[in-house]
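The values are calculated or read from the model by the stated rules, or taken from the named source; none is laboratory data. None of these values were measured; they are calculated from a predicted model. All Cβ positions, even for glycine, are placed from backbone atoms using ideal geometry, and neighbour counts span all protein chains on display.
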Amino acid sequence: MQKSPLQIARASYQPKVPRSLRGPMKLEEGAPTHSVADQEEIKKLFPNTYGLPIINLVEGEAKEHPAINVGVILSGGQAPGGHNVIAGLFDGLKRLNPENKLYGFLGGPSGLIEGKYSELTADIIDQYRNTGGFDIIGSGRTKLEETWQFDNGIEVCRKLNIKAIVIIGGDDSNTNACVLAEYYLQKNAGIQVIGCPKTIDGDLKNEMIETSFGFDTACKVYSELIGNIQRDANSAKKYWHFIRLMGRSASHIALECALQTQPNICLVSEEVQAKNMTLNDIVDQIVKVIVHRADKGLNFGTILVPEGLIEFIPAMKKLIAELNDLLAKNAETFNALESDDEKRQFVKGVLSEESRAVYRDLPKGIAHQLTMDRDPHGNVQVSLIETEKMLIEMVAKKLAQLKAEGKYKGKFSALNHFFGYEGRCAIPSNFDADYCYSIGITASQLIVAGKTGYMSLVRNLTAPSDEWIAGGVPITMMMNMERRNGKMKPVIQKALVDLNGKPFKYFEAHRAEWADEHLSYVYPGPIQYYGPAEVCDLPTRTLMLEKGK
Ligand code: FBP
């Protein structure tokens, strides 16, 4: 297979790991933990995995370990670094006992249920070290929630003599990991389950998990592209670029990209919700900046739009919640309707009066997208909703009105972009390559120590990698009860942008200056893999600001 010079060079990159992971290790246990909310309910649902202590890995003595077989699953959307988690897990297991075996379940969680797997040998692992993508075994979004699925998993694991499963996924997949761990303990199945924090969205973070892997690389890729667009905008001086960024509900990606590139406008969904803004308020806010810049002869600019925006406009949020419930309850009737118009009429008939009015006023395309299939976790597929195009349409209309009233003399020519899939499989940055490899080694240690219901944890990430702290956090500690598919369910609490947090505060303090005529664009350029640490190893601005750096 032909490889690029960078692919060849990256194959021999040795990820940096914390000092504690370099030699033999031992586990130190802290105090018992509690879930972030709804403690009584979570405790009742997870009697065996609730309240476990936090674990730290420290240097220890070499010990002999009997050989074990482990299975690994990649779950959900791709995120740079997934292959390195698997490589770290593989190397960690082989170091503990060269007879240890690692099996990869193919195509995501369904591989476990259907018994589709392949053994991951050294030859295979070597081809995927420090590469982007999840293609080593593939990924999928099947939700593990039914007893028959768990029981199939037991049979498959027994056949392969698998003692532990590692699930690499986001908040929903790690919730599943915990449900599975609890079930296997209740059944005395002898199968441990360990989770790993993956998602470019950056919303799987909390007191213990400082960031999910993939966020760093994806944001750097998008920021490079945004920087390039800003330089183009500043050269041609004729387009407004509306750039929608992936990230599902939370605006972490948009905010991080704004911190890296200093665009003229960046919308933050969490702020829209907190200020109870309507779609019209958002349009007015954009128009104000465009008119102001036009007055100074600047008919160009950049606007970052988080993909989850629409869900955070309070009236829209209410509408989506109603749609989620009614689609879950009336799935059969709804799906039996043939035309889009019939579906629209049906929906209008069952919505509350307030939501009906919002639904009726939406552009048809957006209204249709809101009733399309949910993902297996019941989420609206926001990556399919073209919010940036809707905003361009609405802004153009408003500017035309202002022009007619003599209040706007500029020229508005807009281009739309959506950056998401471009960054999910990029070659992991040094940060993600090192972080993921360390997460993988840590998972191998949690497994041989017999732990289950834990997430592999590496923290202190703004310090040099030498000083990172590895260990495990009980997944139940991150849980609360939320409404999903019309029912209350235990789930890992999603981290949204904290409007009192330092990254948002920094953005808030500078955005007026970035919006104005003073050209403050920053051009981050491509990810650098080789060179000085201050260019190549820096974590995200979000993480640095959160840690007061
Ligand atoms: P995960 O939450 O599974 O990590 O997925 C992240 C993500 O890229 C979101 O940002 C996006 O909304 C979604 O996946 C897109 O899903 P799909 O890959 O199914 O199109």
Kindly indicate which of A400, A463, A396, A443 is among the hydrophobic types (A, V, I, L, M, F, W, C) and either buried (at least 21 other Cβ atoms within 10 Å of the Cβ) or in contact (Cβ under 8 Å) with a residue 60 or more places away in the chain (or both). A443
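Considering segment 432-445 alone, what residues qualify as being among the aromatic types (F, W, Y), in contact with a Ser or Thr (Cβ under 9 Å, 6 or more places away or on another chain) and either more than 16 Å from the ligand (Cβ to nearest atom) or outside any helix (DSSP H, G or I) (or both)?
None; the set is empty.
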Going through segment 20-76 one residue at a time, which ones are more than 26 Å from the chain's Cα centre (by Cα), closer than 30 Å to T142 by Cα and polar (S, T, N, Q)? N48, N69
The residue that is farthest from the ligand (Cβ to nearest atom), considering only those in segment 25-37 that are buried (at least 17 other Cβ atoms within 10 Å of the Cβ) and assigned to a loop (DSSP other than H, G, I, E, B), is T33
Helices (runs of 4 or more DSSP H) lying entirely in segment 293-375 (those with 3 or more residues that are in contact (Cβ under 8 Å) with a residue 24 or more places away in the chain and within 16 Å of the ligand (Cβ to nearest atom)): 309-312
For segment 387-431: of the residues being part of a loop (DSSP other than H, G, I, E, B) and within 13 Å of the ligand (Cβ to nearest atom), which is nearest to the chain's Cα centre (by Cα)? G420
Assuming I469 fulfils every condition listed in (1) surrounded by fewer than 21 Cβ atoms within 10 Å (Cβ to Cβ); (2) hydrophobic (A, V, I, L, M, F, W, C); (3) in contact with a helix residue (DSSP H, G or I) (Cβ under 9 Å, 6 or more places away or on another chain); (4) within 20 Å of A181 (Cβ to Cβ) apart from one, which condition is it? (4)
Among the residues of segment 46-75, how many are part of a loop (DSSP other than H, G, I, E, B) and either within 16 Å of the ligand (Cβ to nearest atom) or of a type outside the set (F, W, Y) (or both)? 14
Within segment 52-81, residues being polar (S, T, N, Q) and crowded, with 24+ Cβ neighbours inside 10 Å number 1
With the requirement that a residue be in contact with a Ser or Thr (Cβ under 6 Å, 6 or more places away or on another chain) and assigned to a loop (DSSP other than H, G, I, E, B), what does segment 446-502 give you? G453, V497
Is it the case that E210 is modelled with pLDDT of 95 or more, away from the ligand (no atom under 13 Å from the Cβ), within 23 Å of L89 (Cβ to Cβ) and surrounded by fewer than 24 Cβ atoms within 10 Å (Cβ to Cβ)? yes
Specify the residue that is nearest to the ligand (Cβ to nearest atom); the eligible residues are those in segment 180-207 that are under 22 Å from G104 (Cβ atoms), in a helix (DSSP H, G or I) and in contact (Cβ under 8 Å) with a residue 40 or more places away in the chain. A181
Has segment 331-339 got at least one residue that is among the small types (G, A, S) and surrounded by 14 or more Cβ atoms within 10 Å (Cβ to Cβ)? no
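Kindly evaluate N174 against the criterion of being assigned to a helix (DSSP H, G or I), within 14 Å of the ligand (Cβ to nearest atom) and either modelled with pLDDT of 95 or more or crowded, with 24+ Cβ neighbours inside 10 Å (or both).
Here the answer is yes, as N174 does meet what is asked.
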Looking at this structure, is D216 modelled with pLDDT of 95 or more, in contact with a helix residue (DSSP H, G or I) (Cβ under 7 Å, 6 or more places away or on another chain), assigned to a loop (DSSP other than H, G, I, E, B) and within 16 Å of the ligand (Cβ to nearest atom)? no
Which residues, taken from segment 236-269, are in a helix (DSSP H, G or I) and either of a type in the set (S, T, Y) or within 16 Å of the ligand (Cβ to nearest atom) (or both)? H252, I253, A254, L255, E256, C257, T261, S269
Out of all the residues in segment 141-160, is one or more within 16 Å of the ligand (Cβ to nearest atom) and modelled with pLDDT of 95 or more? no
Being over 30 Å from P15 (Cα atoms) and in a loop (DSSP other than H, G, I, E, B) is the filter here, so list the residues in segment 503-549 that pass it. D516, E517, H518, L519, S520, Y521
What is the residue count in segment 1-60 for residues that are more than 30 Å from A463 (Cα to Cα) and of a type in the set (S, T, N, Q)? 5
Taking only pairs six or more apart or across chains, which ones have beta-carbon atoms under 6 Å, a first residue in segment 161-177 that is acidic (D, E), and a second residue that is within 10 Å of the ligand (Cβ to nearest atom)? D171/L204; D171/K494; D172/H377
Is one or more of the residues making up segment 413-429 farther than 20 Å from L304 by Cα and among the polar types (S, T, N, Q)? yes
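Restricted to segment 514-547, and to residues that are among the acidic types (D, E) and at pLDDT below 95, which residue is farthest from G297 (Cα to Cα)?
It comes out as E534.
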Taking the condition within 16 Å of the ligand (Cβ to nearest atom) and either at pLDDT 95 or above or part of a loop (DSSP other than H, G, I, E, B) (or both), does D232 pass? no
Sole exception among (1) within 21 Å of the chain's Cα centre (by Cα); (2) at pLDDT 95 or above; (3) closer than 18 Å to L204 by Cβ; (4) away from the ligand (no atom under 16 Å from the Cβ) for G471, by number: (1)
Restricting to segment 95-126, what's the tally of residues that are closer than 24 Å to Q7 by Cα, surrounded by fewer than 21 Cβ atoms within 10 Å (Cβ to Cβ) and touching a residue at least 40 places away in the same chain (Cβ under 8 Å)? 1
Could you tell me which numbered condition I86 fails, if it satisfies all but one of (1) buried (at least 22 other Cβ atoms within 10 Å of the Cβ); (2) more than 29 Å from Y222 (Cα to Cα); (3) among the β-branched types (V, I, T)? (2)
Looking only at segment 76-102, count every residue that is touching a helix residue (DSSP H, G or I) at 6+ places or on another chain (Cβ under 6 Å) and either assigned to a helix (DSSP H, G or I) or away from the ligand (no atom under 16 Å from the Cβ) (or both) and tell me the total. 12
